[in-house]
Amino acid sequence: MRVLVTGAAGMLGSRLVKRLLEQGVAGRAVTAMDLFDAFPCTPSDAPGVEIRTFQGDIADLEICEHLAASKPDFVFHLASIVSGEAETNFHLGYRVNLQGGLALLEGLRAHGNRPRFVFSSSGAVFGGPVPDLIDDDFAPTPLTSYGSQKLIVEALVQDYTRKGFIDGVSIRLPAICIRPGKPNKAASGFYSGIIREPLNGVEAVVPVSRDIVHSSASPRSAVGFLIHAAEIDSDRIGHRRSLNMPGVFCTVGEQIEAMARVAGPQYLRLLRDEIDPAIERIVSTWPKGYRATRAKDLGFTAEANFDEIIRIYIEEEMPDGLPPVSNR
Ligand SMILES: NC(=O)c1ccc[n+]([C@@H]2O[C@H](COP(=O)([O-])OP(=O)(O)OC[C@H]3O[C@@H](n4cnc5c(N)ncnc54)[C@H](O)[C@@H]3O)[C@@H](O)[C@H]2O)c1
């Protein structure tokens, strides 16, 4: 069974590839995998699996037709410019996030094998004012370019599915915490940074007021969502192909309290509050949380609380444990 992953060099893409190679999808082992990204992909060895890597621009139709020509059974479309960058670089955001999605769908339409297509959309499709918990039928009215681009691609996924060119599912991910590595240009990046940096003994700025509420899930859960979205029976999804994913619903302050509980109060000293109006403006328009009734009924699951999210980060990313930080 052949799988295509775009954005395969990214944080979620690389973890998805690893998990797919370990566990397969829909009860079948992966025998061939095509990995695509603007940056080089470096998958681990997988004996018996034909792995091909491609580097290029997802908005290039010729490349997308080439990727689709191998007729993948499953496509995971993750290649994207993140929210902060799509907001500051309007042209780049529309080219990668919108034209890229369309080019890939056109490539798949041309080759006509109707793969299951999983699109990593975002809660940024919603814009304020929003209720405390967004229901599945709440209307998406994005207030960022990134959210608009994601919503348009969701509409394409819906229509290409209706026409029988793909069998698509768009999953609206919450903020994925705790993102390992260096900070990125996502407006939501600080949700990870304010935990990751202190746990690594580094100071971090809290750029929004601590009562901002948001919904998050671990990278482990996000990869689980993507694979589960590939496996659900089409009839169970029905004709509405966009799903709000579950997540932990908490304030920035509660996130920080969870860090003190899990790792120790000494890490709090490494945080400094300094509001960044641009970030606060973007994230305060995003949903606080989702009821995610349809997704939960379809079997999507996330962590129960932020303590769990922090424990997963420590377990997966800090094999040598936490660095000592003085109590004073
Ligand atoms: N991480 C989150 O909190 C979050 C939340 C909601 C939605 N998402 C979505 O999930 C997906 C994966 O997120 P991530 O956190 O792994 O992001 P990431 O930035 O780590 O990965 C995205 C990948 O897309 C690649 N890319 C960018 N432009 C490209 C182009 N023109 N052609 C080909 N590849 C290109 C990048 O090189 C990168 O490897 C994205 O679609 C993102 O919008 C993420």
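Among what's in region 156-186 and is away from the ligand (no atom under 16 Å from the Cβ) and of a type in the set (K, R), pick the residue that is surrounded by the most Cβ atoms within 10 Å (Cβ to Cβ).
From region 156-186, those away from the ligand (no atom under 16 Å from the Cβ) are 158-167; that's our starting set.
Subsequent filtering for residues that are of a type in the set (K, R) retains 162-163.
Values: R162: 12, K163: 10.
Taking the candidates together, the pick is R162.
Give me a count of the residues in region 24-46 that are surrounded by fewer than 17 Cβ atoms within 10 Å (Cβ to Cβ), under 23 Å from G100 (Cβ atoms) and more than 10 Å from the ligand (Cβ to nearest atom).
2
Could you tell me whether region 88-102 includes any residue that is among the basic types (K, R) and either on the phi > 0 side of the Ramachandran plot or touching a helix residue (DSSP H, G or I) at 6+ places or on another chain (Cβ under 7 Å) (or both)?
At the first step, the residues of region 88-102 found to be among the basic types (K, R) are 95.
Of the ones still in play, those that are also either on the phi > 0 side of the Ramachandran plot or touching a helix residue (DSSP H, G or I) at 6+ places or on another chain (Cβ under 7 Å) (or both) are none.
Scanning region 88-102 turns up no residue that is among the basic types (K, R) and either on the phi > 0 side of the Ramachandran plot or touching a helix residue (DSSP H, G or I) at 6+ places or on another chain (Cβ under 7 Å) (or both).
Out of the residues in region 1-23 that are surrounded by fewer than 24 Cβ atoms within 10 Å (Cβ to Cβ) and within 14 Å of E231 (Cβ to Cβ), which is nearest to the ligand (Cβ to nearest atom)?
Once the filter is applied, the top-ranked residue is R19.
Kindly provide the set of residues from region 79-101 that are part of a helix (DSSP H, G or I) and either within 11 Å of the ligand (Cβ to nearest atom) or small (G, A, S) (or both), ordered by number. Spell out the reasoning first.
First, the residues of region 79-101 that are part of a helix (DSSP H, G or I): 83-88, 90-101.
Within region 79-101, S83, G84, E85, A86, L92, G93, R95, V96, N97, Q99, G100, G101 meet the criteria.
S83 versus (1) of a type in the set (S, T, N, Q); (2) closer than 25 Å to G24 by Cβ; (3) surrounded by 21 or more Cβ atoms within 10 Å (Cβ to Cβ): which is the lone unmet condition?
(2)
For region 218-230, give me each residue that is within 13 Å of the ligand (Cβ to nearest atom), of a type outside the set (F, W, Y) and closer than 30 Å to R114 by Cα.
The answer is P219, R220, S221, A222, V223, L226, A229.
At least 3 residues that are at pLDDT below 95, under 23 Å from S83 (Cα atoms) and not aromatic (F, W, Y) in each: list the helices (runs of 4 or more DSSP H) lying fully within region 241-328 that qualify. It would help to see each step written out before you state the result.
Numbers: elements: 252-263, 277-283, 293-297, 306-317.
Answer list for region 241-328: 277-283.
Please verify whether region 47-67 includes one or more residues that are more than 24 Å from S218 (Cβ to Cβ), more than 13 Å from the ligand (Cβ to nearest atom) and at pLDDT below 95.
Yes, because at least one residue in region 47-67 is more than 24 Å from S218 (Cβ to Cβ), more than 13 Å from the ligand (Cβ to nearest atom) and at pLDDT below 95.
When you scan region 142-155, do you find a residue that is assigned by TED's automatic domain parsing to the domain that holds I81, in a strand (DSSP E or B) and within 16 Å of the ligand (Cβ to nearest atom), even just one?
So the first thing to find is which residues in region 142-155 are assigned by TED's automatic domain parsing to the domain that holds I81, and the list is 142-155.
Add one more test, that the residue is in a strand (DSSP E or B), and what stays is none.
No, region 142-155 contains no residue that is assigned by TED's automatic domain parsing to the domain that holds I81, in a strand (DSSP E or B) and within 16 Å of the ligand (Cβ to nearest atom).
Here are some conditions: (1) outside the structural domain of A302 (by TED's automatic domain parsing); (2) within 18 Å of the chain's Cα centre (by Cα). I232 meets all but one. Which one does it not meet?
The failed condition is (2).
Only one of these conditions is not met by V213: (1) at positive phi; (2) more than 12 Å from the ligand (Cβ to nearest atom). Which number is it?
Every listed condition holds for V213 apart from (1).
Kindly evaluate S148 against the criterion of being without any contact (Cβ under 8 Å) to a residue 60 or more places away in the chain and buried (at least 19 other Cβ atoms within 10 Å of the Cβ). I'd like the intermediate steps shown before the answer.
Working: without any contact (Cβ under 8 Å) to a residue 60 or more places away in the chain: yes; buried (at least 19 other Cβ atoms within 10 Å of the Cβ): yes.
It is true that S148 is without any contact (Cβ under 8 Å) to a residue 60 or more places away in the chain and buried (at least 19 other Cβ atoms within 10 Å of the Cβ).
Tell me the residue from V130, V125 that is out of contact with any Asp or Glu (no Cβ under 6 Å at 6 or more places or on another chain), within 12 Å of the ligand (Cβ to nearest atom) and at negative phi, please.
Working: V130 fails: within 12 Å of the ligand (Cβ to nearest atom).
When all the criteria are applied, what remains is V125.
Would you check which residues across region 68-78 are aliphatic (A, V, I, L, M) and either touching an Asp or Glu at 6+ places or on another chain (Cβ under 6 Å) or more than 12 Å from the ligand (Cβ to nearest atom) (or both) and list them?
Here is the first cut: in region 68-78, the ones aliphatic (A, V, I, L, M) are 68-69, 75, 78.
Within region 68-78, A68, A69, V75 qualify.
Restricting the search to region 188-199, which residues are in contact (Cβ under 8 Å) with a residue 24 or more places away in the chain and within 10 Å of the ligand (Cβ to nearest atom)? If you could, list the steps in order and put the result at the bottom.
Step one: list which residues in region 188-199 are in contact (Cβ under 8 Å) with a residue 24 or more places away in the chain, which gives 188-191, 194-199.
Within region 188-199, S188, G189, Y191 meet the criteria.
Please go through region 187-211 and give me each residue that is crowded, with 20+ Cβ neighbours inside 10 Å, farther than 15 Å from A260 by Cβ and of a type in the set (A, V, I, L, M, F, W, C), ordered by number.
A187, F190, V208 - these are the residues of region 187-211 that are crowded, with 20+ Cβ neighbours inside 10 Å, farther than 15 Å from A260 by Cβ and of a type in the set (A, V, I, L, M, F, W, C).
The values are calculated or read from the model by the stated rules, or taken from the named source; none is laboratory data. Computed from a predicted structure; not experimentally measured. So basically every Cβ, Gly included, is an ideal-geometry build from the backbone, and we count neighbours across all protein chains shown.
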